[in-house]
1. Of L124, L138, which residue is part of a helix (DSSP H, G or I) and of a type in the set (A, V, I, L, M, F, W, C)?
2. Considering only the stretch 125-153, how many residues are under 20 Å from P381 (Cβ atoms) and in contact with a strand residue (DSSP E or B) (Cβ under 9 Å, 6 or more places away or on another chain)?
3. If you scan the stretch 336-393, which residues turn out to be of a type in the set (D, E, K, R) and in contact with a strand residue (DSSP E or B) (Cβ under 9 Å, 6 or more places away or on another chain)?
4. Using the structure shown, decide if E396 is touching a helix residue (DSSP H, G or I) at 6+ places or on another chain (Cβ under 9 Å) and acidic (D, E).
5. Taking the stretch 173-232 only, how many residues are assigned to a strand (DSSP E or B), in contact with a helix residue (DSSP H, G or I) (Cβ under 6 Å, 6 or more places away or on another chain) and farther than 21 Å from Q96 by Cα?
6. Under 7 Å by Cβ, and 6 or more places apart or on different chains, what pairs join a residue from the stretch 16-29 that is closer than 15 Å to M1 by Cβ with one that is at pLDDT 90 or above?
7. Going residue by residue through the stretch 202-219, is there one that turns out to be basic (K, R) and without any contact (Cβ under 8 Å) to a residue 40 or more places away in the chain?
Amino acid sequence: MPGVLMTVNFYKEANMHFGILRKLQGDDVPLMVMEYWLGWFDHWSEQHHIFPWKGIILAVKEVLELGASINFYMFHGGTTFGFWNGANIVNHLTYQPVVTSYDYDAPLSEAGDVTDKYIKIRALLKEESPKEAVPGNLPSVPVSVGKIAYGEVTITHFITLKDMLPLLGTPFKSKKVMPMEMLPINNNGGQGYGYILYRTKVTGAASEVNFVQLPHDRAQVFFDGHPAGVISRSKVNPVKLLNLEEVKKEIKELKSEDVIMLDILVENQGRISAKKDMISDRKGLLHDVEVNGKVQTDWLIYPLEFKKPFIDEVMAADKWQDMRPEIKVPALYKGSFEIPNRTPKDTFLSMEGWNKGIVFINAFNIGRYWRIGPQRTYYIPGPLLKAGRNEIVIFEQHQSAEKVSFVDKHDLSPTVRRGEWNF
């Protein structure tokens, strides 16, 4: 637009990027890098990204020597609590959801801690500033807030998704499946986040389930309550057909004429953050589901938003059972832990041994976990905790462990992929 300043985003080769910018808008306007990338985000199943401070310092110095302005992104790492993580699309095909941590290898970490990168950038900015522009009595860099390893928490009870469903109220009836955004809830605004369960009846003769269009974004299929498989949009070459013969072997005395419940639990793994793909990014089942080649009709649809009123109602339910680790269906698990009579500090939650799901600390959704990594621990800010009794509730989609652990060090991956620096 005429009269509007153009800026550029990059993490190295400032001279090249600003050269392109000059060709676009001339030499008589200020230069600015609006997003100078100090790190990068992580997708599930990838390695954790790190941009080493040595390369960062060289690149920032080049920006400053060109007389350009710079805006650091991210200067302070963060956390995508709840269902707020984003996602990307590669070549309009492969869906890649972002992990819960948005630490981004930033100068100030996800937990607000000062890093070597921060110290080096601070020193560089002071060095490159005009004489007497920086006061000699700068404040001292704050000491990082200590973290506490509160230790192991034993999981004591569980309640299955099947037993939770009555607490959701009357399900929606529909001849055909529909995406979550089309449900008549939230003042007819539809469902924006969370999970959605589609339920229908088939006969024991059913041998295959075919999704005409890939679910958005990850569907777990259950036949007579038994896990039958997962259809995922995240795979490079995703399949849409699921064979039921293996799971049918687990069901004793199944007859071909028996009426069987077919459940499809779809997870919204995160909305696409950029580009034109985000416009059509509906979630749930977007098109027909075929059983043995025939379009299945007559569905019950349950929205699972996991809002606080629902969590409170589940916590007060009488369907909780004593913990049994062999449960292999979606379920909520709970446990409690005590913090001595003092102001709680930050900690990190290790979900080692668990598979995939979300975690609530004192009814606050701290985000998603997934054993495929790279993220291994999950940031718990001290203000979410309280002196005395604290509760942890976990929605596990597959199979649980018997405990969790609170540790004092963040683990975003045992391996890292460094930025492509030439030094």
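1. On the way: L138 fails: part of a helix (DSSP H, G or I).
Selected residue: L124, the only one of L124, L138 that is part of a helix (DSSP H, G or I) and of a type in the set (A, V, I, L, M, F, W, C).
2. Let us first name the residues in the stretch 125-153 that are under 20 Å from P381 (Cβ atoms), namely 142-151, 153.
Subset that is in contact with a strand residue (DSSP E or B) (Cβ under 9 Å, 6 or more places away or on another chain): 142-144, 147-151, 153.
Total satisfying the criteria: 9.
3. E338, D346, E352, K356, R368, R371, R376, K386, R389, E391
4. no
5. Quick first cut of the stretch 173-232, residues assigned to a strand (DSSP E or B) only: 173-174, 179, 195-203, 208-211, 216, 218-223, 226-232.
Going one step further and asking which of them are in contact with a helix residue (DSSP H, G or I) (Cβ under 6 Å, 6 or more places away or on another chain), we end up with 196, 223, 226, 228.
Going one step further and asking which of them are farther than 21 Å from Q96 by Cα, we end up with 223, 226, 228.
Within the stretch 173-232, residues that are assigned to a strand (DSSP E or B), in contact with a helix residue (DSSP H, G or I) (Cβ under 6 Å, 6 or more places away or on another chain) and farther than 21 Å from Q96 by Cα number 3.
6. L24/M6; Q25/M6; V29/L5
7. Kept after step one, since they are basic (K, R), are these residues of the stretch 202-219: 218.
Within this subset, residues satisfying the condition of being without any contact (Cβ under 8 Å) to a residue 40 or more places away in the chain are none.
No, every residue in the stretch 202-219 fails to be basic (K, R) and without any contact (Cβ under 8 Å) to a residue 40 or more places away in the chain.
Per-residue answers, yes or no, for (1) within 28 Å of P238 (Cβ to Cβ); (2) at pLDDT 95 or above; (3) under 24 Å from the mean Cα position of the chain (by Cα):
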{"position": "N137", "(1), (2), (3)": "no, no, no"}
{"position": "F158", "(1), (2), (3)": "no, yes, yes"}
{"position": "I196", "(1), (2), (3)": "yes, yes, yes"}
{"position": "A205", "(1), (2), (3)": "yes, yes, no"}
{"position": "H216", "(1), (2), (3)": "yes, yes, yes"}
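The values are calculated or read from the model by the stated rules, or taken from the named source; none is laboratory data. Please read all numbers here as calculations on a predicted model, not as lab measurements. Methodologically, a virtual Cβ is constructed for each residue, glycine included, from the backbone with ideal geometry; neighbour enumeration extends over all protein chains shown.
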